[in-house]
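Below is one structure, written out as structure tokens, with a few remarks after it.
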Amino acid sequence: MQRFGAPASVATAWMDRFGDNLYNVYGSTEVGQATLATPDDLRAAPGTAGRVISGTVVEVVDSDGHAVPVGETD
């Protein structure tokens with residue numbers, strides 16, 4: 001699963017050339033914006049989807065639709 005709409009190297013190359021003015025917003029048409037990565041977030045982890053936006057609830061579920069405990073994967 002790719003976490004950034006473009007390869008992480010594109011985020012880094014963009015900011016190296018044009019400055020730290022890039023933001024990555026992740027969401028869908030159903031929920032709108034769910035996460036936001038600031039330029040600082042992208043410098044630290046160029047492929048990040050960012051942090052959950054205040055007031056947004058995000059839940060990771062397994063293939064059966066059950067909540068996955070924090071720190072675990074399906």
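What to note about this one:
- Any pair with Cβ under 9 angstrom, 6 or more apart, that starts in the stretch 59-70 at a residue that is within 16 Å of Val31 (Cβ to Cβ) and ends at one that is at pLDDT below 90 and open to solvent by 100 Å² or more (accessible area, probe 1.4 Å): Val60/Val70; Val60/Glu72; Val60/Thr73; Val60/Asp74; Val61/Asp74
- Of all residues in the stretch 34-57 being within 23 Å of Thr73 (Cβ to Cβ) and of a type in the set (Val, Ile, Thr), the one that is most open to solvent (accessible area, probe 1.4 Å): Val57
- Selection of the stretch 16-48 for residues being out of contact with any helix residue (DSSP H, G or I) (no Cβ under 9 Å at 6 or more places or on another chain) and under 15 Å from Ala6 (Cβ atoms) yields Asp16, Arg17, Phe18, Val25, Tyr26.
- Count - residues of the stretch 25-49 that are at pLDDT 90 or above and outside any loop (DSSP other than H, G, I, E, B): 9
- Applying the criterion of being more than 18 Å from Gly47 (Cβ to Cβ) and of a type in the set (D, E, K, R) to the residues of the stretch 6-33, the residue that is most open to solvent (accessible area, probe 1.4 Å) is Arg17.
The values are calculated or read from the model by the stated rules, or taken from the named source; none is laboratory data. Computed from a predicted model, the values in this text were never measured in an experiment. Don't worry about glycine lacking a Cβ; one is built from the backbone with ideal geometry, like all the others, and counts go over all protein chains shown. Accessible surface is based on the protein model in full, side chains and every heavy atom, while ligands, DNA and RNA are left aside. Shrake-Rupley method; radii C 1.70, N 1.55, O 1.52, S 1.80 Å.
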